[in-house]
Amino acid sequence: MVPVPVAFRPILDPGNPHDAGSDHKVMSCEDCREAISDMVDDRLPSVDPVLEEHLEGCAECREFAEMSYRLRRRAAIADAPNVPDLSKAVVRNVGIADRERHSPIVRWLLVLVAIQIVVFAIPDFLATAAEAHALSHLGAFSLAYAFGLVVVAIRPARARTMLGVSLVLIAALIATAVEDIITGRTLLVSESVHLLEVCSAFLVWLLTRPGRGLRQTTAEPAAKGDGQHAEPSLRLVTHPEP
């Protein structure tokens, strides 16, 4: 097939059908200032020639562009405001709220049970008999368990974690106690010492239950003598559920 010469090919692009000035882009002041904002925020990849042409003929938009760049430079080099560190106050108030949500009677009973476990664990921990090694390990675990109970009494929010340890301990104690009683290695009365662990698990379970509601309030900043306001403080106030 013989190719058609370029001179005889049909013109696919008829060119500009209107007057040359009819498709000239004109930018309004509103569009210009929006484009300036994009330039200041580095969201405009390149400068539009139409924008430059508008800025050459509009003094108000030039002033807006200069002011925008001045504010951007000032914000970039300005010092960060001095924000007070409230982390310690927040942590302290969270701990107070955690304790106030639960009954102090349950928490003090748990501390008493922990003390009793420590009292019974010290002889095993300091044992010097033939089975001293195994008894020392058992006493060390009992001391660690009592310490965990005290932590839960101070911070009841950790009760859910401790509850799993308590239930596993009770299950193991019940299994070994039943086996020892059936085989005659021990008496039922001798296993009554493990009632402390059972009580501790029950008290830990009580602390996992939803506690009393709290109403959080922010104290109003007290005015200083020089007219300035003091730093606001946080406090949590108990609010009984209806």
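What the phi angles of the stretch 96-103 give under the Karplus curve with 6.51, -1.76 and 1.60, with θ = phi - 60°, is a coupling list of 4, 5, 4, 6, 6, 6, 10, 5 Hz, glycine and proline written as x. For the stretch 27-73, the normalised intensity computed at q = 0.17, 0.18, 0.20, 0.33 Å⁻¹ comes to -0.41, -0.46, -0.57, -1.37 (log10 of I(q)/I(0), Debye sum over alpha carbons, equal scatterers, no solvent). Just add up the charged neighbours of ALA157: K/R +1, D/E -1, any other residue whose Cβ is under 11 Å from the Cβ of ALA157. Residues close to ALA157 contribute a combined charge of +4. Across the options LEU206, VAL193, HIS133, the greatest Cα extent toward the positive end of the charge dipole of the stretch 103-208 (unit charges at beta carbon of Lys, Arg, Asp, Glu) belongs to LEU206. Using R0 = 30 Å, the C-beta based FRET efficiency linking VAL119 and ARG209 works out to 0.60. Seen from GLY139, the other residues with C-beta closer than 15 Å to its C-beta sum to a net charge of -3, counting Lys and Arg as +1 and Asp and Glu as -1.
Each label was represented as a point 7 Å from its Cα along the Cα-to-Cβ direction; for VAL40 and ARG74 these points are 1.0 nm apart.
No lab work stands behind these numbers, since they all come straight from the coordinates. This one's a predicted model, so the numbers in the text were calculated from it and none came from an experiment. Note that we place each Cβ from the backbone using ideal geometry, even for glycine, and neighbour counts take in every protein chain shown.
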